[in-house]
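Enquirer: The structure is given below, and queries will be raised subsequently.
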Amino acid sequence: MKKLALVTLTLVSLWSCGTVKNSNTMNLKTLHTEEKAVQTQLLFKPTDEKVISLQIEKNKSLEEHISKVPALLVCVSGKAVYSDEKGTKEILQAGDYVFIENNLKHQVDALKKSHFLLIK
């Protein structure tokens, strides 16, 4: 329960970050559509109970790999490209996120120094 609260608090704080929205990319700001001072939205149920901080330097990559469990990748800062074997290619900036299916080859290429939260 503490881990879920930590994930929720982290995602809510990221919601306040400025971002340039990509047309096909999901962003935390789009989750909250009501005119309420405080809102929550279940975004992801982690199976591995891990929240991992990930940093990728400019022009470097998290090489192609497969995750054995579903994951949620949230861009905290920077700019990167997520791509996978299904042909998905998304530019991620602050507040943008992507769901990663288990057993799906994927990689992340940083266009700028980038920071992420990887939730499994």
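Enquirer: Which of the residues that make up segment 61-108 are buried (at least 16 other Cβ atoms within 10 Å of the Cβ) and among the charged types (D, E, K, R)?
Expert: Residues satisfying the conditions are Lys79, Asp84, Glu90, Asp96.
Enquirer: If you go through segment 25-40, how many residues are surrounded by 14 or more Cβ atoms within 10 Å (Cβ to Cβ) and either farther than 15 Å from Ile119 by Cβ or polar (S, T, N, Q) (or both)?
Expert: Of the residues in segment 25-40, 4 are surrounded by 14 or more Cβ atoms within 10 Å (Cβ to Cβ) and either farther than 15 Å from Ile119 by Cβ or polar (S, T, N, Q) (or both).
Enquirer: How do the pairs read when you match residues in segment 38-67 that are in contact (Cβ under 8 Å) with a residue 24 or more places away in the chain with residues anywhere that are acidic (Asp, Glu), using Cβ under 6 Å and keeping only pairs 6 or more apart or on different chains?
Expert: Pairs found: Ser61/Asp109.
Enquirer: From the residues in segment 65-99 that are touching a Lys or Arg at 6+ places or on another chain (Cβ under 9 Å) and among the β-branched types (Val, Ile, Thr), which one is nearest to Met26 (Cα to Cα)?
Expert: Selected residue: Ile91.
Enquirer: OK, next. If Glu34 meets every condition in (1) part of a loop (DSSP other than H, G, I, E, B); (2) touching a residue at least 24 places away in the same chain (Cβ under 8 Å); (3) of a type in the set (Asp, Glu) apart from one, which number is that one?
Expert: That leaves (2) as the condition not met.
Each reported figure results from applying straightforward, stated rules to the coordinates on display, with no laboratory input. From a predicted model like this one, the values you see are computed outputs, not experimental measurements. Backbone-built Cβ (ideal geometry, glycine too); neighbour counts: all protein chains shown.
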